[in-house]
1. Could you tell me which of the residues 18, 43 is among the acidic types (Asp, Glu) and closer than 23 Å to residue 78 by Cα?
2. Which residue is surrounded by the most Cβ atoms within 10 Å (Cβ to Cβ), if the candidates are limited to the range 1-15 and must be of a type outside the set (A, V, I, L, M, F, W, C) and within 12 Å of the chain's Cα centre (by Cα)?
3. I'd like to check which strands (runs of 3 or more DSSP E) are fully inside the range 16-129 and have at least 1 residues that are modelled with pLDDT of 95 or more, β-branched (Val, Ile, Thr) and surrounded by 12 or more Cβ atoms within 10 Å (Cβ to Cβ).
Amino acid sequence: MNCLNRIQLIGHLGKEPELKTLLSGQQVTTLKLATSESFKDKEGKWQQNTQWHTLILWGKTAEYAAQHFRKGEKVYAEGKLQYRTYTIPEQGRKTVAEIQVDHIFSLEKKKTGNDLIPSKEGEFSDLPW
């Protein structure tokens with residue numbers, strides 16, 4: 001039987017991308033992504049539950065993310081869930097869950113100087129009315 005380890009997330013970046021170059025020359029970027037859901041509690045009051053995810057990007061994807069993404073931006077990320085264990089002296093072994101991202105893109109319209117180009121004199125093609 002085949003197995004599947006696939007994660008799809010849509011959320012907002014909680015801080016600026018961190019691009020690092022390893023001793024091997026390979027580049028890696030770490031992103032923090034917040035996903036939130038709203039729900040009513042037992043008293044009928046709206047509550048919000050936010051989960052924070054650590055995204056790891058490698059190579060060209062890492063470079064692209066570091067250059068183009070910013071804190072607060074809404075993104076779609078897809079990859080696989082991976083657990084990593086390491087040891088900190090005097091604290092012991094720690095296990096972290098990370099998303100190894102293979103696809104990521106912004107869900108926000110990028111602002112350019114040409115956003116409002118009239119299609120005819122006095123008209124703007126992207127106005128909602």
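The values are calculated or read from the model by the stated rules, or taken from the named source; none is laboratory data. Owing to the predicted nature of the structure, the values given are computational and were not obtained by experimental measurement. All Cβ positions, glycine included, derive from the backbone under ideal geometry; neighbour counts span all protein chains shown.
1. 18
2. 11
3. 27-40, 46-58, 74-88, 92-106
Let's see how each residue does on (1) under 16 Å from the mean Cα position of the chain (by Cα); (2) closer than 28 Å to residue 21 by Cβ:
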| site | (1), (2) |
| --- | --- |
| 46 | no, no |
| 52 | yes, yes |
| 57 | yes, yes |
| 63 | yes, yes |
| 72 | yes, yes |
| 85 | no, yes |
| 92 | no, no |
